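Asks: Below is a structure I'd like to ask you about.
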Amino acid sequence: MNALASTSHEAVATLGALIGVGLGPGDPELVTVKAARLIGAANVVAFFAKRGRASHARAIAAPYLAPGCEEIALLYPVTTEIPFDQPEYVSSLQRFYEDCVMRIRAVLEAGRDVTLLCEGDPLLYGSFMHMFARLDARFRVEICAGVSGMSGCFAAARQPMAWGDDILTVLPATLDEDRLASRLAETDAAVVMKLGGNFAKLRRAMTRAGVIDRAIYVERGAMPGEKIMRFADKRDDEAPYFSMALVPGRGRRP
């Protein structure tokens, strides 16, 4: 029994580890000390990107990358071109994530660690979670927390978000209009993500919920090209991937 346990332990020890590193909201100076250390020590780094575009995660991590480290680019086959609830979108992303797993697993099985660069925090609406769910049972996985994108937007907008016993709700704008309006009406404060293609719907939901006059629109918070304005003052319905809507709380204060 002891010999078998020892053999199993040695086999696991020869495998590489997957290290998910949160990079924060976009400003390289908001990368944590621990994240910078892990990135600098990495021999193999992986990162997601839209096909045909530079990786935002890699750009954030660039000041900390070790010279000559191996890079694995994981390129999405589709992002917003197809509605997320369409079978074609689901099957395409499933195949993509399985391919990513195969590429990362090959490195881990060779006994080498893979540091996966993650925008924001690895466990908040991030693609790292799909790798974690598929690889955690077999390989050692380490996670380095990052400053969330929403925290970066709070600071950029100079908005205290939750006072006293305020309830803060995080919503994806992909919800249908009725659910958005209901959730916005019943909470004290809200962060709304995934605005692209959903802005007009969110505007209607905020109006119905009675929160549009105190909502803030943040585009590229804590990044170059940052824009901040009252949500009601935004006249068009275009919103890039890196955008959020904030509804600050107004709760109990001393």
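Asks: Among the residues of region 168-183 satisfying the criterion of being among the hydrophobic types (A, V, I, L, M, F, W, C) and under 22 Å from the mean Cα position of the chain (by Cα), which is nearest to residue 120 (Cα to Cα)? Break it down stepwise before answering.
Replies: Taking region 168-183 first, the residues among the hydrophobic types (A, V, I, L, M, F, W, C) are 168, 170-171, 173, 175, 180-181.
Next, from what is left, pick out any that are under 22 Å from the mean Cα position of the chain (by Cα): 168, 170-171, 173, 175, 180.
Values: 168: 18, 170: 15, 171: 16, 173: 18, 175: 22, 180: 24 Å.
Only one residue tops the list, namely 170.
So that you can scan it fast, the table gives a plain yes or no per residue for (1) crowded, with 20+ Cβ neighbours inside 10 Å; (2) basic (Lys, Arg):
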| residue | (1), (2) |
| --- | --- |
| 92 | no, no |
| 100 | yes, no |
| 137 | no, no |
| 140 | no, yes |
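Asks: Just give me the residues in region 65-90 being of a type in the set (S, T, N, Q) and either within 28 Å of residue 112 (Cβ to Cβ) or surrounded by 12 or more Cβ atoms within 10 Å (Cβ to Cβ) (or both), in sequence order. Break it down into steps so the answer makes sense when it comes.
Replies: Taking region 65-90 and keeping what is of a type in the set (S, T, N, Q), we get 79-80, 86.
Of everything in region 65-90, those that are of a type in the set (S, T, N, Q) and either within 28 Å of residue 112 (Cβ to Cβ) or surrounded by 12 or more Cβ atoms within 10 Å (Cβ to Cβ) (or both) turn out to be 79, 80.
Asks: In region 32-47, how many residues are within 29 Å of residue 78 (Cβ to Cβ) and outside any helix (DSSP H, G or I)?
Replies: Adding up the residues that qualify gives 5.
Asks: In region 208-239, what residues are assigned to a loop (DSSP other than H, G, I, E, B) and either under 16 Å from residue 152 (Cα atoms) or polar (S, T, N, Q) (or both)?
Replies: Scanning region 208-239 gives 220, 221, 222, 223, 224, 225, 226.
Asks: I've got another one for you. Output the residue which, of all residues in region 50-64 that are at pLDDT 95 or above and out of contact with any Asp or Glu (no Cβ under 8 Å at 6 or more places or on another chain), is surrounded by the most Cβ atoms within 10 Å (Cβ to Cβ).
Replies: Checked region 50-64; the qualifying residue surrounded by the most Cβ atoms within 10 Å (Cβ to Cβ) is 61.
Asks: For region 27-49, enumerate the residues that are within 24 Å of residue 111 (Cβ to Cβ) and either surrounded by fewer than 17 Cβ atoms within 10 Å (Cβ to Cβ) or hydroxyl-bearing (Ser, Thr, Tyr) (or both).
Replies: Within region 27-49, 34, 37, 40, 41, 43 qualify.
Quick grid of which residues meet (1) touching a residue at least 40 places away in the same chain (Cβ under 8 Å); (2) surrounded by 19 or more Cβ atoms within 10 Å (Cβ to Cβ); (3) more than 20 Å from the chain's Cα centre (by Cα); (4) closer than 16 Å to residue 172 by Cα:
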position: 196; (1), (2), (3), (4): yes, no, no, yes
position: 221; (1), (2), (3), (4): yes, yes, no, no
position: 232; (1), (2), (3), (4): no, no, yes, no
position: 236; (1), (2), (3), (4): no, no, yes, no
position: 239; (1), (2), (3), (4): yes, yes, no, yes
position: 244; (1), (2), (3), (4): yes, yes, no, yes
position: 251; (1), (2), (3), (4): yes, no, yes, no
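The values are calculated or read from the model by the stated rules, or taken from the named source; none is laboratory data. As the structure is a computational prediction, the values presented were derived from the model and not from experiment. Note that we place each Cβ from the backbone using ideal geometry, even for glycine, and neighbour counts take in every protein chain shown.
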